[in-house]
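*Asks:* Supplied in structure tokens, the structure appears directly below.
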Amino acid sequence: MSVGAGLKPAPTNAPRLQQAGSPPIYRCMSEHKATLKWTRGGADFSYQKYPRDHTWSFDGGHTMTGTAAPAYLGNPANVDPEEAFVASVASCHMLTFLAIASKQKFVLDSYEDAAVGFMEKNDEGRLAITRVELRPQLAWSGDRKPSAKELEQMHHAAHENCFIANSIKTQVKVV
């Protein structure tokens, strides 16, 4: 795809504006930024010795330490990208679910999820988080509580409307 006038290609499912006879112009709904910083800090730059810890900084001012997974010599006290990916999927599903439940006038007191991501070889034979299982535990109050069917429908709608789930190839399933 050729891109002109400083426009960047967008995913094929991105919202777009198009005038008859002209190429599509992609409209960005929002931007989400993260700044990563890593320094060697004087350590030898050999695979076994260079530090994996680095900082993640976000627009709101929050900074945290990221690292590699422990299997790849990361610090288990810090968050690795695979854990962050699973948390991102679970968090987006939860936030979308909360919006749906509140709009349907259910009262949800708590939502806890022990989500698990599975690192496996994908269809191309490459390592990937191929699936994420969500295990939400919900506590409801009020006069109206969802039936099993309503709960299933809300989780399905949360998945269909979750921005992160719509952005990835990973299978996401509520178990």
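None of the figures in this text is laboratory data; all of them are computed from the coordinates on show. All values derive from a computational prediction rather than experimental measurement. Glycine also receives a Cβ, built like all others from the backbone with ideal geometry; neighbour counts cover every protein chain displayed.
*Asks:* Suppose R0 equals 35 Å; then what is the FRET efficiency for Glu160 and Leu73 from their Cβ-Cβ distance, rounded to the nearest 0.05?
*Replies:* Efficiency at R0 = 35 Å is approximately 0.35.
*Asks:* Still on this structure: Enumerate by residue number the GluC sites (Glu not before Pro) in the range 99-175 meeting two conditions: DSSP loop (anything except H, G, I, E, B), and at most 14 other Cβ atoms within 10 Å of the site's Cβ.
*Replies:* In loop regions of the range 99-175 (DSSP not H, G, I, E or B), the sparsely surrounded GluC sites (Glu not before Pro) are Glu124.
*Asks:* Longer than 31 Å from Cα to Cα, which of Lys103/Lys169; Lys33/Lys103; Lys33/Lys145; Lys145/Lys169 are they? Say none if no pair is.
*Replies:* Result: Lys33/Lys145; Lys145/Lys169 exceed 31 Å.
*Asks:* Say a site is exposed when it is one of the trypsin sites (Lys or Arg not before Pro), sits in a DSSP loop, and has at most 12 other Cβ atoms within 10 Å; what is then the longest site-free stretch of the chain?
*Replies:* Within the chain, the longest run free of exposed trypsin sites (Lys or Arg not before Pro) spans 50-104.
*Asks:* Identify all aspartates and glutamates with a Cα-Cα distance to Lys121 below 18 Å; exclude those on the same chain that are fewer than 8 residues away in sequence.
*Replies:* Qualifying aspartates and glutamates at Cα under 18 Å: Glu82, Glu83, Glu133.
*Asks:* Can you give the helix-only mean residue ellipticity at 222 nm for the chain, where every DSSP H stretch with n ≥ 4 adds -39500 (n - 2.57) and the sum goes over all residues, rounded to the nearest 500 deg cm²/dmol?
*Replies:* Theoretical 222 nm ellipticity from helices: -7000 deg cm²/dmol.
*Asks:* So for the chain, averaging the separation of alpha carbon pairs under 8 Å that are six or more residues apart and normalising by length, what relative contact order in percent results?
*Replies:* 14 percent
*Asks:* Measure off 7 Å from each Cα along the Cα-to-Cβ vector at Thr39 and Thr65, then give the distance between these two points in nanometres to one decimal.
*Replies:* Using points 7 Å along Cα→Cβ, the separation is 1.5 nm.
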